[in-house]
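Questions regarding the structure given below will be posed in turn.
What follows is calculated from the coordinates using simple rules that are stated; it is not laboratory data. None of the values given here were measured: they were computed from a predicted structure. Because the Cβ atoms are built from the backbone with ideal geometry, glycine has one as well, and the counts that use them run over all protein chains shown.
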Amino acid sequence: MNMETIDRKLAAGLLRIGAVLLRPEEPFTWASGWHSPIYCDNRRILSDPDLRSMVAEAFAGKVSELYPEAEIVAGVATGAIAHGALAADRLGKPFIYVRPKPKDHGTGSQIEGSLPEGAKVVVIEDLVSTGMSSLAAVEALRKAGAEVLGMVAIFTYGFDIAAQRFEEAGVRLDTLSNYGSLIEEATAEGLVGQAEAGLLSEWREDPDGWGR
């Protein structure tokens, strides 16, 4: 698959299946406390066979291109478990996943699956917003003895705070699509008008202050 065109194709697919919700009059509230006029639900991808397959193939292609030395694929729970497993299957590599925190029962594991000491791991994520939960998974893998090569995500909002956090953590982040491509595609399809485009741009520039 041509990785130069996957961003717009994926953006179009997300719009087609209704994974992108616009609600400026009744903003969504994120776990970070931010208010947002837009919400991207990548879990809907799993219900569409064509888009699901496209994402899995794109992930496999990206990992092969960037991290040919990767030994294990790790998915971030819960949104990236299925996508990571599908990508790992296409790559013929072992798969593990990382919980937000250790289980409070049973083995108390945070990482599920077999992770040998020093294993080279590439992390699969569904969406990156502020970067906190994604990098928490990276930290858990590092503490368990893994060598994290980098992370590949389906989508990013492209916030400066996330870029800063990834840089500070020494983690390379690559994505299949992004906020800019999504808005461009939505505008091209007539799904976003001029007023909405302006509002989405304002939010993108100051997500912490928007709507307060």
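Rounded to the nearest 5, what % of the DSSP beta bridges within segment 106-208 are antiparallel ones?
0 percent
For the chain, give the share of DSSP beta bridges that are antiparallel, in percent and rounded to the nearest 5; count only bridges with both residues there.
25 percent
Could you check which residue among T175, T107, T156 shows the biggest mean-square fluctuation in a GNM of the chain with a 10 Å Cα cutoff?
In the Gaussian network model the winner is T107.
Only Cα pairs within less than 10 Å get springs; with that Gaussian network setup on the chain, which residue of D89, D48, D174 has the largest fluctuation?
D48
Here's another thing I want to ask about it. Provide the percentage of antiparallel DSSP beta bridges, counting only those with both residues in segment 1-116; round to the nearest 5.
Once the DSSP bridges in segment 1-116 are tallied, antiparallel ones form about 65 percent.
Sticking with this structure for a sec: Could you list, in their original order, any pairs among K120/K143; K93/K143; K103/K143; K62/K93 whose Cα atoms are separated by more than 18 Å?
K93/K143
Using only the Cα atoms of segment 66-149, build the gyration tensor, take square roots of its eigenvalues as a ≥ b ≥ c, and label the shape rounded, prolate or oblate: rounded if a/c is under 1.5, else prolate if a/b is larger than b/c, else oblate.
Taking the square roots of the gyration eigenvalues as a ≥ b ≥ c, segment 66-149 is rounded.
Pairing the Cα long axis of helix 81-91 with the longest principal axis of the chain, what angle in degrees results, from 0 to 90 and rounded to the nearest 10?
Orientation of helix 81-91: about 60 degrees from the principal axis.
So, one more: Could you work out the local net charge near R90, counting Lys and Arg as +1, Asp and Glu as -1, over the other residues with Cβ closer than 14 Å to its Cβ?
Its environment carries a net charge of 0.
Where is the GNM fluctuation largest for the chain (alpha-carbon springs, 10 angstrom cutoff): G61, G190, G131?
Among G61, G190, G131, the largest GNM mean-square fluctuation belongs to G190.
Under 14 Å Cα to Cα from K101, which aspartates and glutamates show up? Leave out anything in the same chain fewer than 8 places away.
Those aspartates and glutamates meeting the cut-off are E112, E139.
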